[in-house]
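One structure below.
The values are calculated or read from the model by the stated rules, or taken from the named source; none is laboratory data. All values reported here derive from a predicted model rather than from experimental measurement. FYI the Cβ positions are ideal-geometry reconstructions off the backbone, even for glycines, and counts take in every protein chain you see. For accessibility, only protein heavy atoms count, side chains too; no ligands or nucleic acids. Shrake-Rupley method; radii C 1.70, N 1.55, O 1.52, S 1.80 Å.
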Amino acid sequence: MRGRRIWTAIGLMTAALPAPLLAQTPDVAPPSAERPQAYRQPQAVLARLADVPIALDAPGLVPGRTTFTSQDEMLAHLAAIKARAPGVFLGSLGRTAQDRDIPWLIFTKEGLQDPAAVRRLNRPVVWLVGQQHGNEPAGGEAMLALASALADGELKPLLDRVAVVVVPRVNPDGAAAFQRRNGLDYDLNRDHLLAAQPETQGLQRAMTILPPDAVVDAHEYGATGPLRRFNRLAAADQTILDATHPGVPTRSTALARDAYLPAMEARLAAAGLSSAVYLSGMPQTGPIPTGGTAPGISRNYYGLTGAVSFLLESRSAGERDAFQRRVASHYLAAAAVLETAARDGRTLRRTTAQARRDLARARAPIPVAYEPPVLPGELALMDRETGEPSHETIDLLDSRQLRVTETRLRPRGYLLAPDAQSAVDALRLKGVKLCEAAPQTITAVAFHVTRTQPVTRATREASTLSEALEVRLEAREVAPGVGWLWVPMSQPTSSIIAASLEPDSVGSQVHVGLVPIADDGVVPIYRVIDRAPRTVGRC
């Protein structure tokens, strides 16, 4: 097969973008020469960002509060919920690198304390996840308010028809330092495919026991992103994007866009809040990209499992400016997802179940290269001094409508040599079926890989395809020995398997340097094609 360089228009453009629009709030540490005073929105702007008239029970929203919720305050809040509602499951996903607890809660009408028993209820399971980025506090605060409302507040009646999992703060170390990354200095929202960090490992262990039908991942974006290009602030209270990888089942995408997105938009609008598509960057010229396509991004990863998956990003600027409004926008959007799942849980359950069957039975080629079209769009803005609203007609580099430009024959599965242990560990964590490889000689396809760029943090945290590798495929006789494993594609995790093991998938085990490239350029991962013997592995 020919060598391939993997390109997409979005990858080429985002390589030269300034800081994104910005899934991150300003640091609250004292200003210094290296850390100037954060931008503060004028009073005329803040006057247009009034609190939303809704009761939200969360420590960081107590009147007069000037700081964000600490780890101890979060744990105390959750303990108080458990004391008021003993049927709530309160557990731990594990400990961080700095030994902080990562709590999670499960809400069911029956008060079940066993996650596996919750799965057997045969109700939709909705996961609500907050604060993957430590300096984006509104999502975490909204999760605390949602937990309270589910325990004994306005959302409790929904538990007749839906089970809810809440992870208030995935990144406690980052929250403590008010930094984007975790305590090991990695971006957790690029780690869902690799699952190399303790936080994502804990999350995925629990999701293997209690798989989600829908996932909501709450973040914040920086309203100052458009200043350099338009000299105005971003205006949308909430930006939303579903999974945008081409391997996501089309039926999951259709349900997300036809039922859940309109419900969120309507719930926000009813409270006087605006919404828009999430933009991942703000270049000074040219089309503006929506969110990236990498499978390691939370919304994409869980979409690849067949779940209805959304990123939410509330509007942030000026530390605690309009903080209640930011929290309320997350709360209302997540509540709309819960209400929609409760109202028609049968459709959600049927869609995700069929999506997973489709993934296990898929025969279509794997998308290797793809690109977003440039489409017309509109950007809601406000004057930086007065807050006066305005709009700009823009070109969107729209990842919601990707065009697949190159495919690769879908294999029956992959053979993993012992040197691929990192991939084995990650796949096993995700509940992927791994089998002992049969001792026989078969014709497989080897990957010859040339690294055209060194492995850096940017490689590991890439959100779009780039020219990091050149890959050539070659038929080769392979005789599996001791320690070799067979990974069949006939399972619901097939899209995750392919994204993890095809070297030129962004964020794959080879792409980020976790699986080695031998001196001859061959990696210890082999594709097995349809003509191979039926007994490739003992499962």
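Only one residue in Pro454, Pro492 is assigned to a loop (DSSP other than H, G, I, E, B) and in contact (Cβ under 8 Å) with a residue 24 or more places away in the chain. Which one? Among Pro454, Pro492, only Pro492 is assigned to a loop (DSSP other than H, G, I, E, B) and in contact (Cβ under 8 Å) with a residue 24 or more places away in the chain. Within the stretch 137-158, the presence of a residue that is within 17 Å of Arg349 (Cβ to Cβ), of a type outside the set (A, V, I, L, M, F, W, C) and either open to solvent by 10 Å² or more (accessible area, probe 1.4 Å) or in contact with a Cys (Cβ under 7 Å, 6 or more places away or on another chain) (or both) is excluded. Scanning the stretch 314-349 for residues that are in a helix (DSSP H, G or I) and acidic (Asp, Glu) yields a single hit, Glu339. Residues that are assigned to a strand (DSSP E or B) and of a type in the set (A, V, I, L, M, F, W, C) do occur in the stretch 191-214, at least one of them.
Restricting attention to the stretch 183-210, the residues that are under 16 Å from Tyr302 (Cα atoms) and among the hydroxyl-bearing types (Ser, Thr, Tyr) total 2. Annotation: of all residues in the stretch 294-308 being under 8 Å from the mean Cα position of the chain (by Cα) and of a type in the set (Ser, Thr, Tyr), the one that is surrounded by the most Cβ atoms within 10 Å (Cβ to Cβ) is Tyr301. Only one of the listed residues (Asp173, Asp187, Asp191) is surrounded by fewer than 22 Cβ atoms within 10 Å (Cβ to Cβ) and not β-branched (Val, Ile, Thr). That residue is Asp187. Of the strands (runs of 3 or more DSSP E) entirely within the stretch 396-448, those holding at least 3 residues that are closer than 23 Å to Ala362 by Cα and either in contact with a helix residue (DSSP H, G or I) (Cβ under 7 Å, 6 or more places away or on another chain) or of a type in the set (Gly, Ala, Ser) (or both) occupy 413-416. Within the stretch 242-251, not a single residue is polar (S, T, N, Q) and on the phi > 0 side of the Ramachandran plot. Residue check: is Gln453 at pLDDT below 95, more than 22 Å from Gly291 (Cα to Cα) and either among the aromatic types (Phe, Trp, Tyr) or surrounded by fewer than 20 Cβ atoms within 10 Å (Cβ to Cβ) (or both)? So Gln453 passes the test.
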